[in-house]
Structures are given as C-alpha cells and as structure tokens.
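J.: Can you read through this structure? Questions will come right after.
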Amino acid sequence: MTITVRQLIACWGAPLGPTPDPDMALGRICTDSRSLQTGDFFVPLVGENFDGHSFLGQLSALGAQAAVVEQSWSDPLPSDLLHWRVDDTLKAYQQLALLHRRSLDQPLVAVTGSAGKTTTRELIRAALAPLGDVHCSEGNNNNDIGVPLTVLSADSHHCALVIEMGMRGPGEIERLSRCTEPDVAVITNIGTAHIGRLGSREAIAAAKCEITAALKSDGVVVIPAGDALLETALSKVWSGRVVRVRLADDTPVAADCIGAIDAGQLEVGAHRLPLPLEGRHNARNVLLALAVADQLGVDSASLNAMEVSVPGGRNRRLVQGGLTLLDETYNASPEAVMAALTLLSSQPGRRFAVLGTMLELGAQSLQLHADVATQAAALKLDGLVVVDGGAEGRAMANAAAGLPRLAVVSSPEDAAKPLKEWLRPGDVVLLKASRGVALERLLPLLPSF
C-alpha cells in the first residue's frame with residue numbers, strides 16, 4: 001500500500017493513540033474482521049445487520065496496525081490502538097480508495113448503464129488485454145463498498161483498471177466517480193431499470209451521467225449514438241470529449257465508430273473480428289469496448305479475437321437434454337428482456353421463453369411488463385411461461401394472449417410442468433428474470449430427451 005500516515009493526517013487530522021511515524025505506509029486495508037491479518041489497517045463498516053465497530057476491542061490482540069472509527073462510537077478502545085476519528089467510515093473507505101487510485105499511473109475506465117454493464121465491462125477487459133494484465137471489477141462489486149474494494153486491490157503491475165458502477169438512487173454514481181477519478185467513462189444505455197426508485201428515465205439519465213463528476217478534464221465519455229435523452233443529460237454536466245458508436249443499420253446519426261454485422265463478425269473500418277457474444281445488443285457493447293481500446297492506444301490489428309468470460313446467468317448458451325437454453329437468469333430490466341427476446345427470435349427451430357418479473361419499476365411496472373410480453377407475442381414465439389402469480393404476471397399474460405402456448409405459474413419449479421408438455425428435442429428456451437425470482441432453479445428441472 002502506497003498510502004502513508006502523513007496523507008491520513010492531511011485527510012482526517014491527527015490520530016489518537018500511539019504517536020506514529022508520519023512516513024509509515026499503511027498495511028493492507030481490511031473491512032472484514034473475519035479475514036483480518038497482522039499489520040492490517042481496519043475500516044469498520046456499518047450495515048443494516050452488522051457493525052464492524054464491535055470488533056475494535058480485539059484489534060490490538062490480533063496485531064492490527066491501526067483503524068478508523070466513527071465519532072459516534074462510544075465504547076472504549078484499546079489504549080495502544082492507533083486510530084482516527086471520522087464522521088463516516090464508509091466515506092473514509094472511499095477516501096482511502098481515492099488516495100490509492102492517485103498513486104497509480106494506469107488509466108481507469110468506469111462503466112455504467114441501465115443494462116449490459118457487466119457484459120461491457122468484460123468486453124472492455126478483453127479489448128484491453130493486448131496492453132497486459134487488466135484489473136477489473138468482479139461479481140457484484142459495483143457499489144459504495146465494492147468499487148473501493150476493487151480499486152484498493154489494484155497495484156502497479158496492472159496495465160489498466162475497469163470499474164463497473166451500479167446505482168440504486170441519485171448520488172451513488174457521483175460518489176463512485178469521485179473515489180476513482182476515471183480517465184474514460186462508458187454509459188451503455190439509458191433504460192428503465194430502477195425507475196421505481198428514480199421516477200423517470202430523465203432522472204435515470206441524470207444519475208448515470210454522474211459518472212462524469214470526477215472524470216479527468218482530458219478524459220472521454222463513450223456512449224451509443226442516437227440517444228437524445230442521454231445526449232441532453234450529458235450536455236448538462238460534461239463539456240469534454242464524447243465518442244459515439246453505432247451499428248451500420250441503426251438510425252443513421254453521427255458516430256465516431258460504426259460497425260457492421262456480417263456472418264457472425266463485426267466489421268469496423270478495415271478490421272473484422274468474430275463477435276464474442278450473440279445478439280445485436282452485444283455487438284453494440286463490443287463497439288463500446290473497441291472505442292475504449294482505441295482511446296487507450298490498443299492497435300485494432302491486435303484484436304483478431306476477443307476472449308470473453310461473463311459471469312453465470314448472463315449471455316450463456318447451454319445445450320442440455322436435447323434443448324438449447326439461453327440462460328439469462330441473473331437479472332432483468334425491460335430493455336434487457338427486449339434484447340434477449342430479439343436474440344431468441346433469431347434462433348432456428350421452435351422458440352420458447354420463460355419470463356419472470358422485473359423488480360423496482362414502480363408505478364410503471366404493469367405497463368412495462370405488458371410491453372415485454374407484447375414483444376414476445378409480436379415475435380411469434382411458440383410458447384411463453386410467465387413466472388409470477390401477481391398483477392405483473394396477469395399483465396404479461398393478457399398482453400401475450402395471442403401466443404399458441406401460454407402458462408402463468410407462481411414459482412420457477414412450477415414452470416417445469418407446462419414446459420415438459422410443450423418441449424421436444426431441438427427447441428430453444430430463453431430464461432430471463434430479475435435476480436429475486438431465482439429462475440436458475442428451473443434449469444435442472446427441464447426435460448431431457
């Protein structure tokens with residue numbers, strides 16, 4: 001760790017306890033008392049069901065180097081514990097991440113958007129691979145705790161950092177931007193995910209554009225071309241460079257990077273490379289990644305192929321028991337479901353979908369659920385199973401009433417019954433729902449032939 005006591009004194013004031021050497025470097029920064037090691041700097045975070053401060057009394061015995069403690073914590077501390085008092089330990093954790101980030105020379109790419117964040121993150125990682133070892137967010141570490149954790153685990157041997165930024169309300173992405181100071185910011189799209197919390201797509205666009213709050217003044221924002229809502233929101237907070245991408249057969253608007261899909265390959269200028277993931281939506285995400293790579297000096301000729309590994313339940317094609325399964329069980333927003341249905345409609349053979357509810361859509365929930373079912377009907381699927389026994393499920397069923405096979409069930413396990421009656425070898429089945437539905441429980445119950 002390159003952070004020193006002197007820097008913490010400048011940030012938080014004089015410490016309490018033993019008098020430290022101002023040039024002493026911090027040990028490993030730890031927020032989990034279960035993994036604390038000798039010499040660690042402990043940051044006790046506070047959650048709904050836990051408070052790391054309750055562990056402070058044991059730090060000296062375990063050989064902790066020092067800690068940061070909230071002003072409100074009144075229990076006695078070991079007399080030999082070097083510590084700083086702060087108003088908010090989470091904010092202090094993010095300040096530590098910023099100090100470490102400023103010690104790194106590598107470029108940092110921040111990625112947000114209503115859908116496709118994780119996939120685009122992994123595509124950017126693959127596109128930057130020619131530069132060397134890319135340090136990237138893992139799993140769900142895209143929030144107030146996960147982003148600083150990712151930054152603090154980077155070191156000088158990494159060639160670049162790719163940080164995913166999620167949000168559940170206004171102000172969160174601004175905080176994440178300020179503790180990472182990105183060189184490149186990517187906004188995948190503006191949709192309706194979390195509209196129940198933010199109220200409108202305009203508010204969602206404003207929240208996503210918070211990613212520019214601490215973007216370097218000579219940095220760049222990479223976005224899809226042709227999104228008027230995003231352009232309007234972005235123009236209010238960013239006057240620097242913007243790079244826009246689009247597919248050749250999208251609406252013909254100005255763009256800096258245009259790609260054409262041809263026989264499973266993406267043609268960008270004179271360069272062609274195999275598409276690493278299926279679907280037009282993923283082709284657009286590839287263009288975002290290629291634009292980032294270009295900004296960071298990657299020679300397009302070095303990208304003959306992109307090796308991409310996405311987490312489970314996303315963009316996963318399985319062949320199981322004579323069926324082809326499009327496993328999108330990890331999460332869902334209206335835009336992501338629409339894109340997945342479009343991909344399903346391009347598959348050969350009979351096509352079925354299992355769709356669960358999409359969460360946090362607020363007052364627009366019924367209409368948005370009806371919209372995705374309307375698309376399923378318009379694409380003339382061979383069957384649809386709706387996994388929801390409530391109002392959203394009824395809205396979907398009503399909108400898809402014209403399909404030849406339609407069932408509404410209350411749980412993933414119950415979806416197996418109609419599918420066993422409908423499916424035959426060679427069929428293609430899409431599974432898509434929000435994380436809370438746990439639609440992956442259906443996978444082992446599907447019929448085998």
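Read-outs throughout are calculated quantities, based only on the coordinates presented, and are distinct from any laboratory measurement. Fair warning: this is a prediction, and the values are worked out from it, not measured in the lab. Heads up, the Cβs are rebuilt from the backbone with ideal geometry, glycines too, and the neighbour counts pull from every protein chain shown.
J.: Give me the log10 of I(q) over I(0) for the range 379-422 at q = 0.17 Å⁻¹, as the Debye formula computes it from C-alpha points; what are the numbers?
T.: Calculated log10 I(q)/I(0) at the listed q: -0.42.
J.: Putting +1 on Lys and Arg Cβ atoms and -1 on Asp and Glu Cβ atoms, find which of Val437, His271, Gly356 reaches farthest to the positive end of the dipole of the chain.
T.: Towards the positive end, the residue furthest out is Gly356.
J.: Using Cα-Cα distances under 8 Å and only pairs 6 or more residues apart, what relative contact order does the range 316-445 have, in percent? Before the final figure, lay out the partial values.
T.: Values: 266 pairs, mean separation 49.3, N = 130.
Rounded, it is 38 percent for the range 316-445.
J.: Let me ask another. If you restrict to DSSP beta bridges whose two residues both lie in the range 1-135, what percentage is antiparallel, to the nearest 5? Kindly include the intermediate steps, with their values, before the conclusion.
T.: On the way: 3 of 11 bridges.
Close to 25 percent.
J.: Here is a follow-up. Let me know the shape class of the chain, please: from the alpha-carbon gyration tensor, a ≥ b ≥ c as square roots of the eigenvalues, rounded when a/c is under 1.5, otherwise prolate if a/b is greater than b/c, or oblate. Present the calculation step by step, with values, prior to reporting the outcome.
T.: Values: a/c = 2.14, a/b = 1.57, b/c = 1.36.
It is prolate, given that a/c is not under 1.5 and a/b is the larger ratio.
J.: How far is the Cα center of the range 350-377 from the Cα center of the range 380-449, in Å?
T.: 12
J.: Can you order the peptides 160-170, 115-125 by their average number of other Cβ atoms within 10 Å per residue, highest first? The partial results should precede the final answer.
T.: On the way: 160-170: 22.5, 115-125: 25.9.
Going by the mean number of other Cβ atoms within 10 Å, highest first, we get 115-125, 160-170.
J.: Mind running the shape call on the range 59-136? Use the C-alpha gyration tensor, a ≥ b ≥ c as the square roots of the eigenvalues: rounded below 1.5 for a/c, prolate if a/b tops b/c, oblate otherwise.
T.: Details: a/c = 3.34, a/b = 2.33, b/c = 1.43.
Since a/c reaches 1.5 and a/b is larger than b/c, the shape of the range 59-136 is classed as prolate.
J.: Could you work out how much longer the chain between Arg102 and Ala260 gets when fully extended? Use 0.36 nm per residue separation minus the Cα distance between them, nm to one decimal. Let's see the in-between values first.
T.: Working: separation 158, 0.36 × 158 = 56.88 nm, distance 3.87 nm.
Between Arg102 and Ala260, full extension yields 53.0 nm more.
J.: Between the DSSP loop rule and a limit of at most 13 other Cβ atoms within 10 Å, which trypsin sites (Lys or Arg not before Pro) in the range 185-242 are left?
T.: Details: sites: Arg197, Arg201, Lys208, Lys216, Lys236, Arg241; in loops: Lys216, Lys236.
Answer in residue order: Lys236.
J.: Please compute the contact order of the range 5-86 in relative form: average sequence separation of alpha-carbon pairs under 8 Å and at least six residues apart, divided by the residue count, as a percent.
T.: Values: 138 pairs, mean separation 26.2, N = 82.
Here the relative contact order equals 32 percent.
J.: For the range 77-199, what ratio Rg/Rh do Cα atoms give with a Kirkwood hydrodynamic radius? Let's see the in-between values first.
T.: Values: Rg = 15.7 Å, Rh = 15.3 Å.
Over the Cα atoms of the range 77-199, Rg/Rh equals 1.03.
J.: How are the alpha carbon pair distances in the range 5-86 distributed across 10 Å bins from zero to the largest one, expressed in percent?
T.: Distribution as computed: 18, 56, 25, 1 percent.
J.: How high is the relative contact order of the chain, in percent, with contacts defined as C-alpha pairs under 8 Å that are six or more residues apart?
T.: On the way: 961 pairs, mean separation 49.8, N = 449.
So the answer I get is 11 percent.
J.: Now a separate question. Among the DSSP beta bridges whose two residues both lie in the range 290-449, what percent are antiparallel, rounded to the nearest 5? Could you put the intermediate results ahead of the total?
T.: Details: 5 of 24 bridges.
Restricted to the range 290-449, the bridges split so that about 20 percent are antiparallel.
J.: Another question, if that's okay. Mind jotting down the distance between the C-alpha centroids of the range 2-44 and the range 211-260, whole Å?
T.: Centre-to-centre (Cα) distance: 40 Å.
J.: Check each of the GluC sites (Glu not before Pro) in the range 348-449 and keep only those in coil by DSSP with at most 11 other C-beta atoms within 10 angstrom; list them in order.
T.: On the way: sites: Glu360, Glu392, Glu413, Glu421, Glu440; in loops: Glu360.
Sites meeting the loop and neighbour criteria: none at all.
J.: Shape verdict for the range 1-50, please, from the Cα gyration tensor: rounded (a/c under 1.5), prolate (a/b greater than b/c) or oblate. Walk me through the intermediate numbers first.
T.: Working: a/c = 2.28, a/b = 1.63, b/c = 1.40.
The shape class here is prolate.
J.: So which trypsin sites (Lys or Arg not before Pro) in the range 355-449 pass both tests, a DSSP loop state and at most 13 other Cβ atoms within 10 Å of the Cβ? Walk me through the numbers on the way to the answer.
T.: Numbers: sites: Lys380, Arg394, Arg405, Lys420, Lys432, Arg435, Arg441; in loops: Lys380, Arg405.
Those satisfying the criteria are Lys380.
J.: If you don't mind, there's one more thing I want to ask. Treating cross-link reach as a plain straight distance, find the aspartates and glutamates whose alpha-carbon is under 16 Å from the alpha-carbon of Lys380, omitting any fewer than eight places away in the same chain.
T.: Asp371, Asp427
J.: If you don't mind, there's one more thing I want to ask. Within a 10 angstrom radius of the beta carbon, how do Ile258, Ile195 rank from fewest other beta carbons to most? Kindly include the intermediate steps, with their values, before the conclusion.
T.: Working: Ile258 19, Ile195 22.
Fewest-to-most Cβ neighbours within 10 Å comes out as Ile258, Ile195.
J.: Find the centroid of the Cα atoms in the range 53-111 and in the range 117-162, then give the distance between the two in whole Å.
T.: 23
J.: Still on this structure, please answer the following. Between Ser217 and Ser200, what is the spin-label point distance in nm, taking each point 7 Å from the Cα along the Cα→C-beta axis?
T.: 3.3
J.: If you don't mind, there's one more thing I want to ask. In straight Cα distance, which aspartates and glutamates are under 20 Å from Lys91, not counting same-chain residues fewer than 8 positions off?
T.: By straight Cα distance, Lys91 reaches Asp32, Asp40, Glu48, Asp51, Glu70, Asp144, Glu164, Glu172, Glu174, Glu181, Glu210.
J.: Let me ask something additional. Report, largest value first, the span of the C-alpha coordinates of the range 104-302 along each principal axis, in whole Å.
T.: The principal-axis extents, from largest down, are 41, 41, 30 Å.
J.: Could you tell me which helices of the chain pass both thresholds, a Cα extent of 18 Å or more along their own axis and a mean Kyte-Doolittle hydropathy of at least -1.0, with helices taken as whole DSSP H runs?
T.: Values: long enough: 89-102 (20 Å, -0.45); 280-295 (23 Å, 0.05); 365-378 (20 Å, 0.40).
Result, helices passing both filters: 89-102, 280-295, 365-378.
J.: Calculate how many DSSP beta bridges within the chain are antiparallel, expressed in % of all such bridges and rounded to the nearest 5.
T.: Values: 16 of 65 bridges.
If we restrict to bridges inside the chain, about 25 percent are antiparallel.
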